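See below for the structure under consideration.
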Amino acid sequence: MTKFLLAVHVIAAIVAIGPVTVAASMFPPAARKVLDAPDDTSALATVRLLHRICQVYAVAGVAVPVFGFATASDMGVLGDTWLIVSIGLTALAAVVLAALVLPRQSAILEGYEKQETLSEAVAERAVADRAVTVRLAMFTGIFNLLWATVTVLMIIRPGSTTGA
């Protein structure tokens with residue numbers, strides 16, 4: 001049963017967390033492209049798609065810790081330090097995604113959908129919007145770094161049976 005749970009946990013991480021990290025990373029540059037070419041409907045469509053990917057796969061990503069807990073319980077490692085640190089970092093990554101990344105993506109997207117054409121007011125706001133995308137990129141980088149750290153802890157964990 002442990003091998004099955006571990007396989008599902010790893011597959012869920014690849015299938016659910018991978019798309020979020022990639023789409024979230026692509027969102028800020030795509031959002032800046034909309035600022036540079038506000039009448040480019042394909043650029044706006046790209047931003048919408050990236051945001052939707054982040055939302056859907058964030059929900060699907062709940063399967064990762066669920067199967068992770070099941071696997072850890074079956075392996076008898078729930079009290080191990082590396083796992084407790086991983087759980088904390090996973091929770092922090094979830095908070096960063098839910099509280100800092102997704103709401104900012106939504107706000108940026110709502111701002112673009114309200115504007116119909118580039119006007120002087122929009123041009124003045126573009127500088128502020130660019131700063132917003134830069135902050136979003138920072139939060140996305142933090143989210144990605146947290147997940148990379150959890151991944152490393154899962155692969156090179158203390159007491160590993162792989163001999164690595």
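Listing for the model above:
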quantity	calculated
Taking all pairs of distinct alpha-carbon atoms in the chain, Kirkwood radius in angstrom	17.2 Å
0 to 90° range, to nearest 10: angle between helix 120-155 axis and the chain longest Cα axis	10 degrees
Helix 81-95 axis, angle to the chain major axis (alpha carbon atoms, nearest 10°)	20 degrees
Accessible surface of the chain, 1.4 Å probe, proportion on carbon and sulfur as whole %	70 percent
Mean accessible surface per residue for region 38-109, computed with a 1.4 Å probe while every protein chain stays in place, in Å²	50 Å²
Alpha-carbon centroids, region 1-58 and region 76-96: separation in whole Å	23 Å
Cβ charges +1 (Lys, Arg) and -1 (Asp, Glu), total dipole of region 1-95, debye	100 debye
Gaussian network model of the chain, springs between alpha carbon atoms under 10 Å - residue of 16, 131, 94 with greatest fluctuation	131
About the Cα centre, charge dipole magnitude for the chain (Lys/Arg +1, Asp/Glu -1 at Cβ), debye	360 debye
Rounded to the nearest 10 Å², the accessible area of residue 26 at probe 1.4 Å	100 Å²
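The values are calculated or read from the model by the stated rules, or taken from the named source; none is laboratory data. Small disclaimer: the values here were computed from a predicted structure and weren't measured. Cβ sites come from the backbone with ideal geometry, for glycine too, and all protein chains shown count toward neighbours. With ligands, DNA and RNA removed, areas are computed over all heavy atoms of the protein, side chains included. Shrake-Rupley method; radii C 1.70, N 1.55, O 1.52, S 1.80 Å.
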